[in-house]
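Here the structure is laid out as structure tokens; the discussion comes afterwards.
Every number in this text was worked out from the coordinates using simple rules, so none of it is lab data. The model shown is predicted, which means the values in this text are computed figures rather than measured ones. For neighbour counting, all protein chains shown are included, and Cβ atoms are generated from backbone atoms with ideal geometry for every residue, glycine included.
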Amino acid sequence: MPELDATAALKEIAMDEVVLSVRNLSTQVATPDGSRTVVKDLSFDLHKGETLCIAGESGSGKSMTALSIMGLLPEPMARIGSGEILLGGKDLCQVDEIAMRKVRGRDIAMIFQEPMTSLNPVLTIGRQLREAIIAHQDLSRSQAEKRALETMEAVRLSEPVRRLKQYPHELSGGMRQRVMIAMALACNPKVLIADEPTTALDVTIQAQILQLIRDLQRDFGTAVILITHDMGVVAEMADRVIVMNHGNIVEDGPVGEIFETPKDAYTRELLDAVPKLGDMAGKAEATKGQVSEIGPVVEVNDLTVRFDLRGGVFNNVVSRVHAVEGVSFDLNAGETLGLVGESGCGKSTIGKALMNLVPWEGTVRVGGNHVGLGGPVADRRARRDLQMIFQDPYASLDPRMTVGDLVGEPLIIHGIAKGQKLHDRVAALFDRVGLTSAQMNRHPHEFSGGQRQRICIARALALSPKAIIADESVSALDASVQAQVLDLLKELQDDLGLSFLFISHDMAVVEQVSHRVGVMYLGQIVEIGTRSQIFENPCHPYTKRLLEAVPVPDPSRRRDVFKIPVGDIPSPIHRVGNIVERVRYIDVGGRHLVAETLEADLS
């Protein structure tokens, strides 16, 4: 502990220097109903080496604050109405665009929320890094290439020389986020703004990114503005916290004070809505009668999904992605089976295979009916029994149709209802998920993210299914909206006896909603058991690794160093005909544990 105290003391001395000062900032956006102020009279100071977290729900003004500071507002739709943004004594509000381009990247840099949309898809990573370096530093091409390689090594990307020659689509989400950090830090800026840098990342990749920001901040003394709605990340990273609501600062103070004694009701609501790992410890998975004794609604045996990759002059199959390998499980009536693991482990592929949306091998029965073997009639019957809620509600809703038509479409396709009966049934579904029949004539873009997810739930309920696959159905939602949707799913399960296959990478949410949990790694279920078995007594090393990486929403339990793995998960791609090492799992006391390792031809 003395070493930690010394580090904290040095940081406190360094933080005497103010590097960025925002005074009475107001940002306005043009709407059909007139100008609207989305950031209202915002003021704060950012000190050298400090991490300032700006927290709040979607629409609170967090990202608009960052874009205002960076001078990236989409004019003329949005503009700074009043205020000052002082960086090194210069008011950025009075700087023209040509001069601002020299400030961005050199003095102040930003990591955007979605790296894939921020990187140029037709340029290599190396070229994009070189462009950023040459634009702000007087370096030759060879010097810029050397600097680009140094920044890639600084963010601990594996095989940095090869990564510089690759394109964005060839990298994983975590790798692309590290490239964005490398680009932001290439010119050693005084201020780094990170806008939701870990929202869509798995817990282990999130831990790597947070640890990386900590290390780079320590090495370079960079001041960080971290924008997030994840209070666990706030507790792990922040020195000071600003809580925003509807463009206003409702609370501002040290992180410990905000979490221990929040003064504003909105802050208390945010903290109360956060699911905490371990909250369900000692609680029964289900009371008697909640999980039916009828038997499995969904039976999966030896499910295998592989995708061919072609190449060469004759476009032959040269390798295969082994997305899912020999997975077996049952989903019982009235039960929620959580399926967890990192991106690429095969979770979503299992959901798509059960819906017969990708080619697969093995045996799948839904409500006793074979999927894919009984012809169109049996498949349609199975589709009525099993529905799916997709990860991105906006992408899964046709923007040209009204939401009432979208919810009613399955009823028309299956010949269940039409006319007034169809209207009444759709209205009842809207009421069931907490919406009103008056909203049925609106289009998807007129709803918030949480409301769109409710519309998707209503559509999934339209055919009165026995089971629903929820694929990352709450991962992109704010904590309070997430809690509302989870409460709705639980209410539907209690009232209708629904079964859920709940696919997620958020371990705290999975613990909250699941009766049983399956952990996936490289296309296989490596451990499966009751919620208490998995979360209170994990057996597999990978399960332990996932749990150790979850951020704890309590500053008093902040970890000095995240327990994170070295490197990334091995690739599921193997060349055709290759003999690769494969692990076989057997069932021991209701849980899949390692039995033996063998060589198997996965071609």
With label points set 7 Å from each Cα along the Cα-to-Cβ direction at Phe314 and Leu72, the distance between them in nm comes to 4.8
Tell me, in nm to one decimal, what length is gained between Lys421 and Ala265 on full extension, where the rule is 0.36 nm per residue of separation less the Cα-Cα distance? 51.8 nm
Starting from the Cα of Lys90, draw a straight line to each of the aspartates and glutamates and keep only those under 18 Å, dropping any in the same chain fewer than 8 residues away. Glu17, Asp45, Asp107
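Calculate, for His443 and Arg36, the FRET efficiency according to 1/(1 + (r/R0)^6) with r their C-beta to C-beta distance and R0 25 Å; round to the nearest 0.05. Kindly include the intermediate steps, with their values, before the conclusion.
On the way: r = 21 Å, r/R0 = 0.84.
Efficiency, rounded to the nearest 0.05: 0.75.
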Whole-angstrom gap from the range 139-217 to the range 228-248, using each part's C-alpha centre: 23
Just the number, please: percent antiparallel of the DSSP beta bridges in the chain, rounded to the nearest 5. 65
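Give me the extension gain from Thr436 to Lys544: residue separation times 0.36 nm, minus the current Cα-Cα distance, reported in nm with one decimal.
Result: 34.5 nm gained on full extension.
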For a footprinting-style exposure proxy, rank Ile125, Ile133, Ile412 by other Cβ within 10 Å, fewest first. Ile412, Ile133, Ile125
P(r) weight above 19 Å for the range 120-183, C-alpha pairs, percent: 20
Distance (nanometres) between label positions extended 7 Å along Cα→Cβ at Lys102 and Asp330: 7.2
Rh_Kirkwood(the range 59-146) over Cα pairs, Å, one decimal, evaluates to 15.0
For a label point 7 Å along the Cα-to-beta-carbon line of Asp215, residues of the range 126-158 with backbone N under 13 Å: 151-158
Relative contact order (percent, whole number), the chain, Cα cutoff 8 Å, 6+ residue spacing: 14
Whole number please: convex hull volume per residue of the Cα set in the chain, in Å³? 187
What FRET efficiency, computed as 1/(1 + (r/R0)^6) with R0 = 25 Å and r the Cβ-Cβ distance, is obtained for Arg558 and Ser475, rounded to the nearest 0.05? 0.55
The range 382-538: relative contact order in percent, alpha carbon pairs under 8 Å with at least 6 residues between: 25
How would His445, His229, His47 line up from fewest to most surrounding beta-carbon atoms within 10 angstrom? His445, His47, His229
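Let a ≥ b ≥ c be the square roots of the eigenvalues of the Cα gyration tensor of the range 328-487; is it rounded (a/c under 1.5), or, if not, prolate (a/b larger than b/c) or oblate?
Working: a/c = 1.95, a/b = 1.24, b/c = 1.57.
It comes out oblate by the Cα gyration axes.
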Taking the dipole about the Cα centre of the range 340-487, with the C-beta of Lys and Arg at +1 and of Asp and Glu at -1, give me whichever of Gly404, Gln482, Gln420 is farthest to the positive side. Gln420
Report the full-extension gain for the segment Thr304 to Gln166: residue separation times 0.36 nm, less the Cα-Cα distance, to one decimal in nm. 46.7 nm
Give the order of Asp272, Asp392, Asp230 when sorted by the count of other beta carbons within 10 angstrom, beginning with the fewest. Asp272, Asp392, Asp230
